[in-house]
Amino acid sequence: MKLKKMKKYGLLILIISIVLSCAQNKKNKILNSKQVSTTEKQMKELIRILNVDSKQHQEIGPKLTDNEIQEIERKIGLNLPESYKIFLKEFGNGAYWIYFNSLDDIKHFSYLKEYQKELGNTIELVGEKEIKVNTLLSLMAEDSNGGSWVWLTSENSGSGEWPLAYYSLNDKKLHYKVKNFTEWLRLLTKCKSEVIRELDIDNKLGLG
């Protein structure tokens, strides 16, 4: 009799666990959907600002299709952030010049290690931790200061967004972590100049 009761209670607990798990999954899907919707709205407004200032940009790459982006993701072995994919589809794939910032062609993606060969296996993110160099995907290979913005692909958030940080050639460390590409683009459209100069207001990096 006790065995039957134990089995009954065990089955009941299993059913409750499944119901709670389904409810949580549904909640997560709703939250993710809202995040994507918010990201899309924010990105479209930022792209609108970029388009208004089109005369300040040079050699913007062609817009990419979903299929092209999926092929790039297959080659990289990672899912690109939704904010960046919106940018690629609705603005363009990189540029020689956007408000004095050059953005790489993601079809010819590169990692920081590929053009800063003197770096070791890890690099310091100032104020936080050491990060593996081979996880740092380039948003831009090199700016006018010899530094670059890179994606921290090892810090993929629940929403699928990656933070970015600035690699300084002066001390060979990462600085000024930005939480995602939407925030980076917001800084860009605000300053309409090099994003790093908007953040390095005390000239700690000696940019000149």
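Computed quantities for the displayed model
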| item | result |
| --- | --- |
| Relative contact order of the range 64-208, pairs being alpha-carbon contacts under 8 Å that are 6 or more residues apart, as % | 18 |
| Cross-link partners of Lys190 among aspartates and glutamates (Cα-Cα below 13 Å; sequence separation of 8 or more within a chain) | Glu45, Asp53, Glu198 |
| Under-5 Å amide H pairs with Ala165, H placed in peptide plane, nonlocal only | Val150, Leu152, Val178 |
| Relative counts (whole %) of C-alpha pair distances in the range 137-208, using bins that are 10 Å wide | 20, 55, 23, 2 |
| Rg(Cα)/(2.2 N^0.38 Å) for the range 47-165, N = residue count | 1.08 |
| Protein-only accessible surface order, largest first, of Phe181, Phe109 at 1.4 Å | Phe109, Phe181 |
| Loop-located trypsin sites (Lys or Arg not before Pro) in the range 70-156, at most 15 other Cβ atoms within 10 Å (DSSP) | Lys117 |
| For the range 55-121: relative contact order, % (alpha-carbon pairs under 8 angstrom, 6 or more apart) | 39 |
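The values are calculated or read from the model by the stated rules, or taken from the named source; none is laboratory data. None of these values were measured; they are calculated from a predicted model. Quick reminder, even Gly has a Cβ in these numbers, built from the backbone with ideal geometry, and neighbours come from all protein chains shown. Side chains included, ligands, DNA and RNA excluded: accessible areas come from the protein's heavy atoms. Shrake-Rupley method; radii C 1.70, N 1.55, O 1.52, S 1.80 Å.
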